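First comes the structure, then the notes that go with it.
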Amino acid sequence: MDDLIKKLIEVDRTARKSVENAAGARVAAVRELDEKKQKLREENDREFLEQSEEMKKAALSELEETEKTIAEKEKEVVARLSAVFEENCDRWVNEAVENIING
């Protein structure tokens, strides 16, 4: 009977050690998963920032091109208006003076 009790006690000790080992393995696994999750977050954040910077650069480049196009069109319009003014200035002044005088 003592042998049976000793075997039961030994089985219980072995089972407790297995449970402790399993608990330790669980804690280690949870820690490892947390570390992997943190690394993934950091990598995703880094990729997001890189993509954001690329998008920002592309948007700024597009904006600069649009500004250049607008500036060129503005110069063309100013040049055309100046040409029309130069061509018609004397006539407009004469018409204005004639309208004032002739009323």
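For the reader, a short list of remarks on this structure follows.
- Residue match in segment 55-63 (condition: open to solvent by 100 Å² or more (accessible area, probe 1.4 Å) and over 21 Å from the mean Cα position of the chain (by Cα)): no
- Scanning segment 1-34 for residues that are of a type outside the set (A, V, I, L, M) and open to solvent by 100 Å² or more (accessible area, probe 1.4 Å) yields a total of 11.
The values are calculated or read from the model by the stated rules, or taken from the named source; none is laboratory data. Predicted, not measured: the structure shown is a model, and the values here were computed from it. To get the accessible areas, we keep the full protein, side chains included, count just its heavy atoms, and leave off ligands, DNA and RNA. Shrake-Rupley method; radii C 1.70, N 1.55, O 1.52, S 1.80 Å.
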